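Worksheet for the structure shown next.
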Amino acid sequence: MTPSAEPQPYPRRQWWMAAYSHEVTRALFGTTVLGEKIVLYRTEAGSVVALSGLCPHRMFPLDLSRVVGDTVQCGYHGFRFDPTGRCVEVPSQPEPSPAVLKSYPVIEQGGAVWLWTGEPELADPKRLPDLGAMGLGQAGWGVEHHPRSLLKGRYTLLIDNLLDLSHASFLHEHTIPKAEAVARVPHELIATEQSLNLRRLGCGIPPNPFFKLLFPAHEGSVDQSFDAEYLCPALIRTGGTLYDSASGQPLGTLNFIHAITPETPTSVHYFVMTARNFRTDDPAITALNLKMGQAIQPQDTLAIEAIEAVLSSALPRPVEVSVKADVGAIQVRRRLEAQIRAEAASLAR
Ligand code: FES
Ligand SMILES: [Fe+2]
């Protein structure tokens, strides 16, 4: 069931999205990932550094400190740390301290900074799903970066939410065009080693103002994909390709890319990006995507935070039941639990 039966709530050998690229500058950017305080900044050459966000001298939060050259200078007594985390200066004495800040491997891809929380020697960029295939950092695609949000709920509730899009017909009844039909569209589960996709294809959807805005020249009905594709605990893609019903030819792809980064065991950073490969410069579509995100996200937040309040309480609750549409969410839970278990087993060896 949703609070995973596993002893640790999340896998650590994983790339997690720490920030949008544009959020990381020459100033210190503080965040918390998997319960650890972290600061991010750019060196003078522009590369991203991620270090522990607590000064080991007297635990001053380093996001209240400053960048000097390529180093971080603690705002309390001025200790300075280089990009590897090594202390290089203690102003009150001639020699630096042997103190070292924990440093985290980072990569910058698809307009985002990805942080590795496992053992640094295992940080392999190939373990990050193919962002370009979804349209991130790819020529010929237009991308919107929706404002990040912080949800007071365990990250598995967000994964559950995204893997069962039948909730669109109820939670987003008035915000997603034609949402009322989604729950009844048949689904199939496409499982590969890299991903689990609970795919729905809505066939023969009559013309409507939403399709007209996306594809003004198109006449007739549209087949629309409602994919829910789990790529790893940090990344889920929804949406997908729209087709001309008559010919089956693709009209374009509109992906919703969801980056999920646990903040603590009961809170999660949530980043949404929309990526499309048609009318990429059309400001009306950009405005529509951003507006939809603005309307949809609070509804998901409300559901997740309300469920977290129940799970965190001592309230008696019924035994969880699942139905056919939960096949994707259940398989994902199994994959995630296997990932956590495999990690714990290899650490115990
Ligand atoms: S707490 Fe950072 S230098 Fe003292
Ligand atoms: Fe939703």
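The values are calculated or read from the model by the stated rules, or taken from the named source; none is laboratory data. On a predicted model such as this, the values are computed, not experimentally measured, just so you know. Every residue, glycine among them, receives a Cβ derived from its backbone with ideal geometry; neighbour counts consider all protein chains shown. Just so you know, the surface numbers come from the protein's heavy atoms only, side chains and all, with ligands and any DNA or RNA stripped out. Shrake-Rupley method; radii C 1.70, N 1.55, O 1.52, S 1.80 Å.
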Could you give every pair whose Cβ atoms fall below 6 Å, whose first residue belongs to region 84-113 and is closer than 15 Å to Pro56 by Cα, and whose second residue is among the aromatic types (Phe, Trp, Tyr) and part of a loop (DSSP other than H, G, I, E, B), counting only separations of at least 6 or pairs across chains? Cys87/Phe79; Val90/Phe79
Scope region 211-230; condition open to solvent by less than 70 Å² (accessible area, probe 1.4 Å) and out of contact with any helix residue (DSSP H, G or I) (no Cβ under 8 Å at 6 or more places or on another chain); matching residues: Phe211, Phe215, Pro216, Gly220, Ser221, Asp223, Gln224, Ser225, Asp227, Glu229
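Out of Ala287, Ala259, Ala275, I need the residue that is touching a residue at least 24 places away in the same chain (Cβ under 8 Å), of a type in the set (A, V, I, L, M, F, W, C) and either under 30 Å from Gly53 (Cβ atoms) or open to solvent by 40 Å² or more (accessible area, probe 1.4 Å) (or both). Which one?
Of the residues listed, the single one that is touching a residue at least 24 places away in the same chain (Cβ under 8 Å), of a type in the set (A, V, I, L, M, F, W, C) and either under 30 Å from Gly53 (Cβ atoms) or open to solvent by 40 Å² or more (accessible area, probe 1.4 Å) (or both) is Ala259.
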Considering only region 243-255, state which residues are surrounded by fewer than 23 Cβ atoms within 10 Å (Cβ to Cβ) and touching a residue at least 12 places away in the same chain (Cβ under 8 Å). Tyr243, Asp244, Ser245, Ala246, Gly248, Leu251, Gly252, Thr253, Leu254
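Here's a check for you: in region 61-74, which residue that is more than 27 Å from the chain's Cα centre (by Cα) and open to solvent by less than 50 Å² (accessible area, probe 1.4 Å) is farthest from ligand 2 (Cβ to nearest atom)?
Applying the filter and picking the extreme gives Gly69.
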In region 200-242, what count of residues is obtained for those that are closer than 19 Å to Ala183 by Cα, without any contact (Cβ under 8 Å) to a residue 40 or more places away in the chain and among the small types (Gly, Ala, Ser)? 3
Scan region 36-60 for residues that are open to solvent by 50 Å² or more (accessible area, probe 1.4 Å), closer than 19 Å to Ser21 by Cα and among the hydrophobic types (A, V, I, L, M, F, W, C) and jot them down. Ala45
When every residue in region 292-349 that is outside any helix (DSSP H, G or I) and under 30 Å from Arg184 (Cβ atoms) is compared, the one least open to solvent (accessible area, probe 1.4 Å) is Ser322
Residue count for region 76-91, restricted to those that are open to solvent by 50 Å² or more (accessible area, probe 1.4 Å) and touching a helix residue (DSSP H, G or I) at 6+ places or on another chain (Cβ under 9 Å): 1
Residues that are small (Gly, Ala, Ser), part of a loop (DSSP other than H, G, I, E, B) and farther than 21 Å from Glu119 by Cβ: does region 28-42 have at least one? no
Hey, can you tell me all the residues within region 178-206 that are at pLDDT 90 or above and either of a type in the set (A, V, I, L, M) or under 29 Å from Pro283 (Cβ atoms) (or both)? Leu189, Ile190, Ala191, Leu196, Leu198, Leu201, Gly202, Ile205, Pro206
Going through region 8-27 in order, the residues found to be open to solvent by 30 Å² or more (accessible area, probe 1.4 Å) and in contact with a Lys or Arg (Cβ under 9 Å, 6 or more places away or on another chain) are Pro9, Arg13, Glu23, Thr25, Arg26, Ala27
Has region 154-176 got any residue that is open to solvent by 50 Å² or more (accessible area, probe 1.4 Å) and either among the basic types (Lys, Arg) or in contact with a Leu (Cβ under 7 Å, 6 or more places away or on another chain) (or both)? no
I need the strands (runs of 3 or more DSSP E) fully contained in region 128-204, keeping only those with at least 3 residues that are over 20 Å from the mean Cα position of the chain (by Cα) and of a type outside the set (Val, Ile, Thr). 187-191
Residue in region 68-83 that is within 13 Å of ligand 1 (Cβ to nearest atom), closer than 30 Å to Arg127 by Cα and hydroxyl-bearing (Ser, Thr, Tyr) present: yes
So which residues in region 168-225 are charged (D, E, K, R), within 16 Å of ligand 2 (Cβ to nearest atom) and in contact with a strand residue (DSSP E or B) (Cβ under 9 Å, 6 or more places away or on another chain), if there are any at all? Lys178, Arg200
